[in-house]
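Read the structure below first, then the notes.
The values are calculated or read from the model by the stated rules, or taken from the named source; none is laboratory data. As the structure is a prediction and not an experimental result, all values here were calculated from the model. Counting neighbours? That spans all protein chains shown, and the Cβs are built from the backbone with ideal geometry, glycine included.
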Amino acid sequence: MQEYLTPLSLFIILYSFPGTGGQSPCPDPEAIIPCVCSHNETLATVTVDCSEATSSEEIFSAFNDADWPILNLTSFWLERNDRVEQLPEGVFGDVTFQEIEVSRTSVESIDPEALLPSKDRLERLDINNSKLKEFPFEIIAQFSILTYLSLGANELTSLSSFQSSSLETLGVAGNQLTFFGNMSLPNLRSFLMSFSSHLNLHLRKNEIAVVNEESFRPILEVISNVTGNIDLTDNPVVCNCTMAWIVLNPAFLTKVTGSCTDGTDFQDLDPIDFQNCVDRIP
């Protein structure tokens, strides 16, 4: 039996990627060498892979000198590359992404203006196993739908103060972090990190009401054996039985600074008052 395309199915094929009018959303392949643009019609995604670039100038040229039929793409990849050392201002031109992945590279720095064009679209930013020495945390608040930020296995020594209302996962394991600035991350669900011999974790002026054992115990188990502390000053911490696991462990209690909602300093909490919390556990 012969099959015919209905007007609706033809419309879907021609417009499987918004704004292309049926044409490829990728530019002339020769115009963006050494980068490669791939269009997956089934998933309606457009990915640009610049892993073969020998310099940031080549990436800049691919995005700024070529004629891109559409500007809102899906993903940018730079992987297993030891030649590109930076992503400079304007490197992506007017092109924006939902995902950016830089993995196993020699990238040391990323200019804020390289990322900001994607601030309203970027959902996932993963820069791992590279040589990143600093990161523009100050711009993260502008990324309204960013849920995943991973900077693992780089050369970062500090995590600057920043805030994000959308971030759910933050990964910074595998760096040499000795300082954490104040972070306001109300929707954070996963915090992946490793530790050095000196660590100060600053969580001032957040909305932390419960010092959850599941989240904080792994951190305190390490900090209790090194130089450093967790600063919870100016948080609405409720000092009920949820604090018992800290108050009843002197090694933990000395490493946490802050006060309860009634003004009582953590260090002034009496372990006897919390013993009943433990006794009630079957």
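Looking for something in a loop (DSSP other than H, G, I, E, B) and within 30 Å of P27 (Cα to Cα) - is there at least one such residue anywhere in segment 160-181?
Taking segment 160-181 as the starting set, the residues that turn out to be in a loop (DSSP other than H, G, I, E, B) are 160-161, 164-168, 172-178, 181.
If we keep only those that are within 30 Å of P27 (Cα to Cα) too, we end up with none.
Looking for residues that are in a loop (DSSP other than H, G, I, E, B) and within 30 Å of P27 (Cα to Cα), one finds none in segment 160-181, hence no.
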Check your understanding: Pairs under 6 Å by beta carbon, first residue of a type in the set (F, W, Y) in segment 230-253, partner part of a helix (DSSP H, G or I) and surrounded by fewer than 20 Cβ atoms within 10 Å (Cβ to Cβ), six or more apart or different chains?
Key -> W245/E213
Practice item. Find the residue count for segment 132-146, including only residues that are in a loop (DSSP other than H, G, I, E, B) and buried (at least 16 other Cβ atoms within 10 Å of the Cβ). Key: 5
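Here's a check for you: in segment 109-121, which residue that is part of a loop (DSSP other than H, G, I, E, B) and out of contact with any strand residue (DSSP E or B) (no Cβ under 7 Å at 6 or more places or on another chain) is surrounded by the most Cβ atoms within 10 Å (Cβ to Cβ)?
The first filter runs over segment 109-121 and keeps only residues part of a loop (DSSP other than H, G, I, E, B), leaving 111, 119-121.
Now narrow it down to the ones that are out of contact with any strand residue (DSSP E or B) (no Cβ under 7 Å at 6 or more places or on another chain): 119-120.
Values: K119: 16, D120: 12.
Looking at the filtered set, the residue picked out is K119.
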Exercise for review: Please name all residue pairs, on different chains or six or more residues apart, with Cβ atoms under 7 Å, provided the first residue is in segment 42-65 and is closer than 17 Å to I110 by Cβ and the second residue is of a type in the set (G, A, S) and crowded, with 20+ Cβ neighbours inside 10 Å.
Suggested key: C50/A62; I59/A53
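Matching residues to (1) assigned to a loop (DSSP other than H, G, I, E, B); (2) loosely packed, with under 15 Cβ neighbours inside 10 Å; (3) of a type outside the set (F, W, Y):
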{"residue": "N187", "(1), (2), (3)": "yes, yes, yes"}
{"residue": "N206", "(1), (2), (3)": "yes, no, yes"}
{"residue": "A209", "(1), (2), (3)": "yes, yes, yes"}
{"residue": "F216", "(1), (2), (3)": "no, no, no"}
{"residue": "E221", "(1), (2), (3)": "no, yes, yes"}
{"residue": "G228", "(1), (2), (3)": "no, no, yes"}
Practice item. Scan segment 256-279 residue by residue and report those that are under 20 Å from E207 (Cα atoms) and either out of contact with any Leu (no Cβ under 8 Å at 6 or more places or on another chain) or without any contact (Cβ under 8 Å) to a residue 40 or more places away in the chain (or both). Key: T257, G258, S259, C260, T261, D262, G263, T264, D265, F266
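Among what's in segment 147-159 and is in a strand (DSSP E or B) and more than 10 Å from the chain's Cα centre (by Cα), pick the residue that is surrounded by the most Cβ atoms within 10 Å (Cβ to Cβ). Step through it out loud before you land on a result.
Here is the first cut: in segment 147-159, the residues in a strand (DSSP E or B) are 148-150, 158-159.
Still in the list and also more than 10 Å from the chain's Cα centre (by Cα): 158-159.
Values: S158: 16, L159: 22.
Applying the filter and picking the extreme gives L159.
Please go through segment 39-51 and give me each residue that is surrounded by fewer than 17 Cβ atoms within 10 Å (Cβ to Cβ) and more than 25 Å from the chain's Cα centre (by Cα), ordered by number. Break it down into steps so the answer makes sense when it comes.
Narrowing segment 39-51 to residues surrounded by fewer than 17 Cβ atoms within 10 Å (Cβ to Cβ): 40-45.
N40, E41, T42 - these are the residues of segment 39-51 that are surrounded by fewer than 17 Cβ atoms within 10 Å (Cβ to Cβ) and more than 25 Å from the chain's Cα centre (by Cα).
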**Study point:** Filter result for the condition that a residue is at pLDDT 95 or above, in contact with a strand residue (DSSP E or B) (Cβ under 8 Å, 6 or more places away or on another chain) and of a type in the set (D, E), over E89, E79
**Key:** E79
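Condition first: assigned to a loop (DSSP other than H, G, I, E, B) and surrounded by fewer than 16 Cβ atoms within 10 Å (Cβ to Cβ). Now tell me which residues in segment 256-282 satisfy that. Break it down into steps so the answer makes sense when it comes.
Initially, segment 256-282 is screened for residues assigned to a loop (DSSP other than H, G, I, E, B), giving 258, 261-264, 269-270, 280-282.
Once the filter is applied, which keeps residues that are assigned to a loop (DSSP other than H, G, I, E, B) and surrounded by fewer than 16 Cβ atoms within 10 Å (Cβ to Cβ), segment 256-282 yields T261, D262, G263, T264, D270, R280, I281, P282.
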Review point. From the list I145, I139, which one is in contact with a strand residue (DSSP E or B) (Cβ under 9 Å, 6 or more places away or on another chain) and β-branched (V, I, T)?
Key: I139
Practice item. Check segment 232-255 and report whether any residue there is in contact with a helix residue (DSSP H, G or I) (Cβ under 9 Å, 6 or more places away or on another chain) and part of a strand (DSSP E or B). Key: yes
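What number of residues in segment 61-91 are of a type outside the set (G, A, S), assigned to a loop (DSSP other than H, G, I, E, B) and either closer than 14 Å to P27 by Cα or not assigned by TED's automatic domain parsing to the domain that holds I110 (or both)?
Initially, segment 61-91 is screened for residues of a type outside the set (G, A, S), giving 63-65, 67-74, 76-89, 91.
The next check asks that each one be assigned to a loop (DSSP other than H, G, I, E, B); those that pass are 65, 67-71, 73-74, 82-85, 88-89, 91.
Those left that are additionally either closer than 14 Å to P27 by Cα or not assigned by TED's automatic domain parsing to the domain that holds I110 (or both): 65, 67-71, 73.
Residues flagged as of a type outside the set (G, A, S), assigned to a loop (DSSP other than H, G, I, E, B) and either closer than 14 Å to P27 by Cα or not assigned by TED's automatic domain parsing to the domain that holds I110 (or both) within segment 61-91 amount to 7.
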Point to revise | Restricting segment 92-108 to residues that are part of a loop (DSSP other than H, G, I, E, B) and of a type in the set (D, E, K, R), the residue that is farthest from the chain's Cα centre (by Cα) | key: D94
